[in-house]
Ligand SMILES: Cc1cc2nc3c(=O)[nH]c(=O)nc-3n(C[C@H](O)[C@H](O)[C@H](O)COP(=O)(O)O)c2cc1C
């Protein structure tokens, strides 16, 4: 692959010590050591999914250790703070020497100040202006602004990135990584135009060569159009954007149970065996724009190239 022709220099690249302001979504069971290492090796920011700590406590330290042994570039960890609350896990992160943490799924972690005192940069995931203000007031170093088009757990108000991102970046002066619907250089340029200094990709990277999920799921993403995700579980605490299947459709109905509680255990079977009717596959609307399974390095390099072409084209248009 060619060297990236475009150099980024902004608050995100400087704070995180990276060349390319792209992160992988920290997808437990999807973003394994191979995927996260490939993102970091590409000059971007590999994020280790801390949700795995819910499955077994030893997975996270083992994953971090593998990253330290195999990757010489920066990487970070995500902690979904609504589920992963044990002080022992925070201690594991502190002891591991990781420099970048993202926190998600709820209010800012009560451990944030302690983490920052130890030199860790903490970004918090937000889905509304109100939650962004709360995170800013709590002193986080940056925000991950997630639009409702993205895959996985969604905010209760379902605000799309086109509205949410310029709203937050015009009111709050913190570096922002945009998430939701980003799959390439054009969507990355759009996010930067709306005030982001970095982007996070979930669905696009689930359908990468290094993703741990079964080939059947990757091909389902390639085949799916933009209408094939649905939001389920609106009537419970945690709405989720997932692939529409016979199983997931039932959880659109207010009278069904909580998909998060009832199906989470089956999700790993879906990932490993490719049985699409087992559990739910968290996926975003952008699967309608993902047409090929590609290596991570190519996805990142293509995004950088298309980003620079897009902004050059836009400025030419202005002169015309
Ligand atoms: C399979 C999958 C698992 C996810 N797991 C997490 C997670 O554990 N923690 C988190 O902060 N976000 C998680 N997300 C949400 C992503 O971080 C990101 O916001 C979203 O994927 C962006 O939208 P996109 O799918 O359109 O790229 C997950 C997303 C997917 C698709």
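The values are calculated or read from the model by the stated rules, or taken from the named source; none is laboratory data. Worth saying up front: this structure is predicted, and the values here are computed from it rather than measured. FYI the Cβ positions are ideal-geometry reconstructions off the backbone, even for glycines, and counts take in every protein chain you see.
Starting from residues that are in a helix (DSSP H, G or I) and within 10 Å of the ligand (Cβ to nearest atom), keep the ones in the range 47-64 and report whichever is modelled with the lowest pLDDT. So that I can check it myself, show each step before the final result.
Step one: filter the range 47-64 for residues in a helix (DSSP H, G or I), giving 50-54, 59-64.
Those left that are additionally within 10 Å of the ligand (Cβ to nearest atom): 50-52, 54.
On the way: 50: 92, 51: 90, 52: 84, 54: 79.
Residue satisfying both the conditions and the ranking: 54.
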Check: Does residue 101 satisfy being buried (at least 19 other Cβ atoms within 10 Å of the Cβ), in a helix (DSSP H, G or I) and within 16 Å of the ligand (Cβ to nearest atom)?
Finding: no
Margin query: So for the range 225-244 (the condition being in contact (Cβ under 8 Å) with a residue 24 or more places away in the chain, part of a helix (DSSP H, G or I) and within 13 Å of the ligand (Cβ to nearest atom)), does at least one residue qualify?
Written below: no
Next item on the list: Take the residues in the range 259-301 that are under 19 Å from the mean Cα position of the chain (by Cα) and in a loop (DSSP other than H, G, I, E, B), then tell me which one is surrounded by the most Cβ atoms within 10 Å (Cβ to Cβ).
Entry: 284
Item checked: Residue list for the range 122-135, filter: buried (at least 20 other Cβ atoms within 10 Å of the Cβ) and outside any loop (DSSP other than H, G, I, E, B) -> 122, 123, 124, 125, 126, 131, 132, 135
Note to self: As an exercise: evaluate residue 82 against (1) within 16 Å of the ligand (Cβ to nearest atom); (2) touching a helix residue (DSSP H, G or I) at 6+ places or on another chain (Cβ under 6 Å); (3) not in a helix (DSSP H, G or I) and give the number of the one condition it does not meet.
What the structure shows: (2)
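Answer yes or no as to whether residue 306 is away from the ligand (no atom under 11 Å from the Cβ) and either in contact with a helix residue (DSSP H, G or I) (Cβ under 8 Å, 6 or more places away or on another chain) or assigned to a loop (DSSP other than H, G, I, E, B) (or both).
Working: away from the ligand (no atom under 11 Å from the Cβ): yes; either in contact with a helix residue (DSSP H, G or I) (Cβ under 8 Å, 6 or more places away or on another chain) or assigned to a loop (DSSP other than H, G, I, E, B) (or both): yes.
Criteria met by residue 306.
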Item checked: Count of the range 202-212 residues which are assigned to a loop (DSSP other than H, G, I, E, B) and crowded, with 24+ Cβ neighbours inside 10 Å -> 3
Notebook entry, point to check: Counting just the residues of the range 147-159 that are farther than 13 Å from residue 229 by Cβ and away from the ligand (no atom under 11 Å from the Cβ), which one comes out modelled with the lowest pLDDT?
Noted result: 156
Notebook entry, point to check: Quick one: would you say residue 276 is modelled with pLDDT of 95 or more and under 30 Å from residue 258 (Cβ atoms)?
Noted result: yes
